[in-house]
Amino acid sequence: MSQKKLHHGGDLKWAQKTFTYQGDDWLDLSTGINPVAYPIPPLAPETYTRLPDQSLQQQAVEAACQYYRAPSVETLALAPGSQALIQWLPRLRARSCVAILIPTYQEHARCWGLAGHDVHLVDNLEKARELQPGVVIIVRPNNPTGSIVPATDIITLANELAGRDGWVIVDEAFADTNTENDLASWTDISSLILLKSFGKFFGLAGLRLGVTISNEKLAGHIRDAVGPWAVPGPTLSVAASAFRDAGWIAETSRRLEQDAARLDRILSNADCTILGGTTLFRLVETERLQDLLMHLGNNGILVRPFPYNAKWLRFGLPGSEQDWERLTNCMVSFCS
């Protein structure tokens, strides 16, 4: 079973074919990844030449457990990226009715469909309940809208699905700075699975690390499916350091809040309506979407359009002051 390839952010080949810009210094604001990455510490040479041993794995798991406020290390499973987990999870269940709250990250529907499940796209939890699903998928905060389903609603739903051996998968890839109503302490509910992404907040998407938090039995099942040595040693080493760096985490959270507000001002001054987002990206609505998209692209600035909505654009954060000025000047020239 094949499906059409989805359009994602960060596709510079698509940008080069679509826009007239000929430079090699693209400003990529299409991915929602922290542009000021965690500084990679020096790594021992054997980190690259040996299989990651149990102690290295344990250090990363313990650091992740503390960072995500998980009940215990036995509730965690690590994988080479949250996208890998999105593809693996559908293969750990028999064919099910799957309800996915939309609009959201389209890989969930694609991967569950490819695995042979009966996928239904719904726009609220009540419609999901009407389906009597075996699996419900919620992205929280949502990508691209930034909406947050209340924790109480998710806990109620998780208890319902636990009674019929179902799953509630909550994709929290962008939740690092949205820690209110944290769900990690509720993962003793047998149906609840939290999906975390290391690369976005820490700005190190190339290292590929995803984490699930669930009850111990299900976490063990996921670890068995992922298999040994799935996450490279360098990734485990850097992640262990990053998860424990409380000073960098706090300072980065403050900076992202400030930068998101700065981006809102730039976009509002260009007659874009801010619909929402997270501290890593902002979603706007504009009647001049195609004109703005082409203006930005032709000036070497890549943002994220959505094929299913002709008025939405998503903007990530610039990293350097030079990048901020470049975006500001481009938006001003668009309005003049």
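The values are calculated or read from the model by the stated rules, or taken from the named source; none is laboratory data. Note that the coordinates shown come from a computational prediction; the quantities given were computed from them, not determined experimentally. Heads up, the Cβs are rebuilt from the backbone with ideal geometry, glycines too, and the neighbour counts pull from every protein chain shown. Quick note on the areas: whole protein, heavy atoms, side chains included, nothing else; ligands and nucleic acids left out. Shrake-Rupley method; radii C 1.70, N 1.55, O 1.52, S 1.80 Å.
Short-range pairs are left out: with C-alpha atoms under 8 Å and at least six residues apart, the relative contact order of the chain is 25 percent.
Taking 0.36 nm per residue of separation and subtracting the current Cα-Cα distance, fully stretching the chain between Gln22 and Arg50 would add 5.9 nm. To check you understand DSSP bridge types, tell me what percent of the beta bridges within the chain (both residues inside) are antiparallel, rounded to 5. Once the DSSP bridges in the chain are tallied, antiparallel ones form about 50 percent. Over the chain, dividing the summed -39,500 (n - 2.57) contributions of all DSSP H runs of at least 4 residues by the number of residues returns a 222 nm mean residue ellipticity of -12000 deg cm²/dmol.
Modelled this way, with points 7 Å down the Cα-to-C-beta line, the labels at Thr179 and His221 are 3.1 nm from one another. Return one number: the angle in degrees, 0 to 90 and rounded to the nearest 10, between the long axis of the Cα atoms of helix 289-298 and the longest principal axis of the Cα atoms of the chain. Rounded to the nearest ten degrees, it is 80. Take every Cα pair under 8 Å whose residues are at least 6 apart in sequence, average their separation, divide by the length of the range 40-159, and the relative contact order is 20 percent. The mean sequence separation of alpha-carbon pairs under 8 Å and at least six residues apart, normalised by the residue count of the range 259-336, gives a relative contact order of 30 percent. Taking Cα atoms only, the orientation of helix 216-226 departs from the longest principal axis of the chain by about 70 degrees.
Within a straight-line Cα-Cα reach of under 18 Å, Lys127 can be paired with the following aspartates and glutamates, leaving aside sequence neighbours fewer than 8 residues apart in one chain: Asp118, Asp153, Glu160. Aspartates and glutamates near Lys311 by alpha-carbon distance under 12 Å, same-chain residues fewer than 8 away left out - which ones? Partners within reach: Glu285, Glu287, Asp291. Relative to the current alpha-carbon distance between Arg91 and Arg255, full extension at 0.36 nm per residue lengthens the span by 55.1 nm.
Gly277 sits among other residues whose Cβ lies under 10 Å from its own Cβ, and their net charge, with Lys and Arg +1 and Asp and Glu -1, is +1. Across the range 31-42, rounded Karplus estimates of 3J(HN,Hα) from the backbone phi angles (6.51 cos²θ - 1.76 cosθ + 1.60, θ = phi - 60°) give 10, x, 9, 3, x, 10, 6, 4, x, 5, x, x Hz, Gly and Pro being marked x. Computed with every protein chain present, the accessible area of Trp14 is close to 70 Å² [probe 1.4 Å].
Can you tell me how the range 184-279 classifies by the Cα gyration tensor, rounded, prolate or oblate, using a/c under 1.5 as the rounded cut? Prolate.
Charge tally around Leu289: other residues with Cβ under 14 Å, Lys/Arg +1 each, Asp/Glu -1 each, net 0. Taking the alpha-carbon centroid of each part, what is the distance from the range 213-235 to the range 60-125 in angstrom? Rounded to whole Å, the Cα centres lie 13 Å apart. A 1.4 Å probe over all protein chains sorts Lys127, Lys217 by accessible area into Lys217, Lys127, starting with the largest. At a probe radius of 1.4 angstrom, the accessible area of the range 142-293 per residue rounds to 39 square angstrom. Think of the range 121-243 as a dipole: +1 on every Lys or Arg Cβ, -1 on every Asp or Glu Cβ, centred on the Cα centre; then among Leu121, Thr145, Phe174, Phe174 lies furthest on the positive end.
Considering only Thr187, Pro52, His108, and ranking their Cα positions along the charge dipole of the chain that arises from unit charges at the beta-carbon of Lys, Arg, Asp and Glu, the one farthest toward the positive end is His108. Working from label points 7 Å from Cα in the Cα-to-Cβ sense, the Thr152 to Met294 distance is 5.0 nm.
Only aspartates and glutamates eight or more places from Lys196 in sequence, or on another chain, were considered; those with a Cα closer than 14 Å are Asp171, Glu172, Asp176, Asp182.
On a 1.4 Å probe surface of the protein chains, which of Cys335, Cys111, Cys97 comes out largest in accessible area, and what is the full order?
The most accessible residue leads, giving Cys335, Cys97, Cys111.
Taking the longest Cα principal axis of the chain as reference, the axis of helix 321-335 is set at about 60 degrees. On full extension, the segment bounded by Phe334 and Asn159 gains 57.9 nm, given 0.36 nm per residue less the C-alpha separation. Each residue of the range 141-154 was assigned a 3J(HN,Hα) from its phi angle through the Karplus curve 6.51 cos²θ - 1.76 cosθ + 1.60 (θ = phi - 60°); the sequence is x, 6, 10, x, 7, x, 5, 10, 5, x, 4, 4, 5, 5 Hz, with glycine and proline shown as x.
Taking GluC sites (Glu not before Pro) as candidate sites, keep only those in a DSSP loop with at most 16 other Cβ atoms within 10 Å, then name the longest stretch of the chain containing none of them. So the longest stretch without any such site is 1-179.
Probe radius 1.4 Å, ligands and nucleic acids ignored: give me the carbon and sulfur share of the accessible area of the range 278-336 as a rounded percent.
Carbon plus sulfur share of accessible area: 48 percent.
For the range 207-259, with all protein chains in place and a probe radius of 1.4 Å, 53% of the accessible heavy-atom surface sits on carbon or sulfur.
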